[in-house]
Amino acid sequence: MKKYEKIYQELRKTLTDEEIADSMLIPEELSAAEQKKADEELRAFRFKLLRERTEEQRIFSDLMRLRFQIEDYIESEPFSEEKTIGKYIEEYLRILGRTKKSLSEDLAIHYTRLSRIINNKEEPNIEFIYRLEKHSGNLIAAMLWWRLITKKQEYVIKKNDLLRNQEAAKVTNGLTFAA
């Protein structure tokens, strides 16, 4: 007896066939050839759906993907130079099919400032973050953009012992406590 047949027989003791059908998805056991054919049909259907998407649907889905990538990075991964706010803004531009110049005009900031932010030469301020949120149709919240900045700042604070020691040398009359 196949494994699903055993499960069915156990369920049959307490449920009717209609109840089982309504509450369960019982997978079909397929041969390797049948599984390959089913996978190809599913792949063809997915590509058909992708081809038929409107530009607005493509942008929406790509922005949602970007948002989930940012959330996942913030929550699950350590800081990476490859995942700074500048890199995510570059991806945002790619999704929209826009240039830095056109985005800088939309956000009412100077082109060179946007370029400096993208290239990690300057940190964006909160006003810039609010503008990004609005520009993305509120799909990517200001808080997500801001957390990318703070993730980098936390990393710098933890790792920059040289600057910490230099600044500590400038302190006089610091508090000390006995343990």
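Read-outs: derived from the displayed coordinates by stated rules, not from any lab. Model, not experiment: these values are computed from the prediction. So basically every Cβ, Gly included, is an ideal-geometry build from the backbone, and we count neighbours across all protein chains shown.
Structure values in brief
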{"quantity": "The stretch 21-105 - Rg over Rh from alpha carbon coordinates, Kirkwood radius", "calculated": "1.17"}
{"quantity": "Radius, Kirkwood style, for the stretch 65-159 when every pair of distinct Cα atoms is counted (Å)", "calculated": "13.4 Å"}
{"quantity": "Cβ-based net charge around A38, under 14 Å, with every Lys or Arg adding one and every Asp or Glu removing one", "calculated": "-2"}
{"quantity": "Cα shape, the stretch 1-60, gyration tensor, a/c 1.5 rule", "calculated": "oblate"}
{"quantity": "Exceeding the 27 Å Cα-Cα cut-off - candidates K13/K37; K6/K48; K2/K36; K134/K159; K87/K170; K13/K36", "calculated": "K13/K37; K6/K48; K134/K159; K87/K170; K13/K36"}
{"quantity": "Candidates S31, S136, S104, ranked by Gaussian network fluctuation over the chain, Cα under 10 Å, top entry", "calculated": "S31"}
{"quantity": "Cα gyration tensor, the chain - rounded (a/c under 1.5), prolate or oblate", "calculated": "oblate"}
{"quantity": "Computed [θ] at 222 nm, deg cm²/dmol, the chain (DSSP H ≥ 4; -39,500 (n - 2.57); rounded to nearest 500)", "calculated": "-21500 deg cm²/dmol"}
